[in-house]
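Read the structure below first, then the notes.
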Amino acid sequence: MINQDIKDKSVELWRSSIPHISIDSVVFGFLNNQLNVLLLKLKEEENWILPGGYLQKDESIDDAAKRILYERSGADKIFLNNFCVFGDLNRSEEYFMDYPDDLWHKQRFITIGYYALVDQTKVKPVPDNFTDRCEWMPVNALPRLVMDHETIIKKALSTLREHISYKPIGYNLLPETFTLPELQGLYEAILGEKLNRGNFYRKMMRYDILIKLDQQRRGGAYKAPDLYKFDEAKYKKALSGLNW
């Protein structure tokens, strides 16, 4: 099915953007012990896509990634990490096979992958002109995705799992205060496996990035667990690798 909006956009992109380079962002959120990813559903299709777009002639790649993410999803002021480049043959051309060969989107594109970790409750997804839905979807139950977007998500998740072994994770995914069981739940959602509670707690304490508060999480049937928050300075130091 030919989408006239895409054909019209093609003319503009030939004038404003750099050919053969695209950007796709995998935005992870965490809510109710579930790791989610931000996706958009294309109009008049059942296919979903990552927030992605093209590099303009007058901007840096990092600035383009932030702009594209905001334009396509409404997500703003998010720190994005460049994690991989995807350049398989026909990764995008086949999807646009019904369009004329001079369509911008039908050209061969190498895409730069970014991923971000955000507090899901602070991001209010908004669809753009080419999509009718923008939603958080579970990473373990992805809908049908176009092109190689499922591959990009899986690579982003595997990269996150690698990073979790030597860098702290959670500052952008959890609320300001949290319990150790909630922190463990985040790690388990990312890794896709259960962790030993005692070993996990000892590991977190050795990292020395948590501040124990004189408060508890009320409302449960059992003893109220203590609340913690991240020590921002130590967390940033750990991120730089100085503590690990």
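Read-outs throughout are calculated quantities, based only on the coordinates presented, and are distinct from any laboratory measurement. Worth saying up front: this structure is predicted, and the values here are computed from it rather than measured. In this analysis, Cβ positions are derived from the backbone assuming ideal geometry, glycine residues included, and neighbour counts consider all displayed protein chains.
Here K223 is the anchor, and the lysines within straight C-alpha reach of less than 24 Å, apart from those fewer than 8 places off in the same chain, are K194, K203, K212. Mean separation of Cα pairs under 8 Å and 6 or more residues apart, divided by the residue count, gives the chain a relative contact order of 21 percent.
Computed from phi, the 3J(HN,Hα) profile of segment 96-107 under the Karplus parametrisation 6.51, -1.76, 1.60 (θ = phi - 60°) reads 9, 4, 7, 8, x, 5, 8, 5, 3, 5, 8, 5 Hz, with x in place of Gly and Pro.
What's the local net charge at S165, with K and R +1, D and E -1, over the other residues with C-beta under 15 Å away? Kindly include the intermediate steps, with their values, before the conclusion.
On the way: positive: R161, K167, K203, R206; negative: E162, E188, E193.
Local charge sum for S165: +1.
In the chain, the DSSP-assigned H stretches of four residues or longer account for a calculated mean residue ellipticity at 222 nm of -9000 deg cm²/dmol, using -39500 (n - 2.57) per stretch and the full residue count as denominator. Viscosity 0.890 mPa s, temperature 25 °C: what is the translational diffusion coefficient of segment 180-239 from Stokes-Einstein with a Kirkwood Rh over Cα pairs, rounded to a whole number of µm²/s? Rounded to a whole number, D works out at 193 µm²/s.
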